[in-house]
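*Asks:* Let me give you the structure first, and then I'll get to my questions.
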Amino acid sequence: QVQLVESGGGLVQPGGSLRLSCAASGSIFLINPMGWYRQAPGKERELVATKTLGGSANYADSVKGRFTISRDNAKNTVYLQMNSLKPEDTAVYYCYGKIGAPYWGQGTQVTVSS
């Protein structure tokens, strides 16, 4: 059983930055891939970014060049650095990990507004 706990969400102005963290209860060496999804009100959950154990990263087109995903296996943590935030980035962000079956965190709210 794996538990994923997100932190780092909040309110930020357009153009600002936030860093999300996701701590796994167990070793993330087994979790492949690991990453982030988001869900805005009235919309379906969508991929933001994932990263494999081998280091390959996959990003949604809407966040390429602005968001960066990283993994720290020693700390069992995955991060999402979000720069140049836009109002359309407003959503609940969910940590995701797969060990056979998918696992999800509880979500953290990110609001981009002036």
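The values are calculated or read from the model by the stated rules, or taken from the named source; none is laboratory data. Small disclaimer: the values here were computed from a predicted structure and weren't measured. All Cβ positions, even for glycine, are placed from backbone atoms using ideal geometry, and neighbour counts span all protein chains on display. These area figures cover heavy atoms from the full protein model, side chains too; ligands, DNA and RNA do not enter into them. Shrake-Rupley method; radii C 1.70, N 1.55, O 1.52, S 1.80 Å.
*Asks:* Inside region 54-72, can you point out the residues that are modelled with pLDDT of 95 or more, in contact with a helix residue (DSSP H, G or I) (Cβ under 9 Å, 6 or more places away or on another chain) and open to solvent by 30 Å² or more (accessible area, probe 1.4 Å)?
*Replies:* Ser62, the sole residue that qualifies.
*Asks:* Shifting gears a bit: Only one residue in Lys75, Lys98, Lys51 is open to solvent by 30 Å² or more (accessible area, probe 1.4 Å) and more than 21 Å from Gln1 (Cβ to Cβ), so which one is that? First the steps, then the outcome.
*Replies:* Values: Lys75 fails: more than 21 Å from Gln1 (Cβ to Cβ); Lys98 fails: more than 21 Å from Gln1 (Cβ to Cβ).
Of Lys75, Lys98, Lys51, the one residue that is open to solvent by 30 Å² or more (accessible area, probe 1.4 Å) and more than 21 Å from Gln1 (Cβ to Cβ) is Lys51.
*Asks:* For region 19-48, which positions are surrounded by 19 or more Cβ atoms within 10 Å (Cβ to Cβ) and over 15 Å from Gly107 (Cα atoms)?
*Replies:* Pass one, region 19-48, residues surrounded by 19 or more Cβ atoms within 10 Å (Cβ to Cβ): 20, 22, 24, 28, 31, 33-38, 48.
Within region 19-48, Ile28, Ile31, Pro33 meet the criteria.
*Asks:* So which residues in region 42-69 are closer than 18 Å to Ala101 by Cβ and part of a strand (DSSP E or B), if there are any at all? Explain how you work it out, then say what you get.
*Replies:* Initial filter on region 42-69 (closer than 18 Å to Ala101 by Cβ): 45, 47, 50, 52-53.
Result: Leu47, Thr50.
*Asks:* Where in region 70-114 are there strands (runs of 3 or more DSSP E), lying fully within it, with 1 or more residues that are over 24 Å from Thr52 (Cβ atoms), in contact with a Leu (Cβ under 7 Å, 6 or more places away or on another chain) and of a type outside the set (A, V, I, L, M)?
*Replies:* Working: elements: 77-82, 91-99, 101-104, 108-112.
Fully inside region 70-114 and qualifying: 108-112.
*Asks:* Would you tally the residues in region 20-41 being assigned to a loop (DSSP other than H, G, I, E, B) and either in contact with a His (Cβ under 8 Å, 6 or more places away or on another chain) or modelled with pLDDT of 95 or more (or both)? Write out each step before concluding.
*Replies:* Here is the first cut: in region 20-41, the residues assigned to a loop (DSSP other than H, G, I, E, B) are 25-27, 31-33, 40-41.
Of the ones still in play, those that are also either in contact with a His (Cβ under 8 Å, 6 or more places away or on another chain) or modelled with pLDDT of 95 or more (or both) are 40.
Here the count works out to 1.
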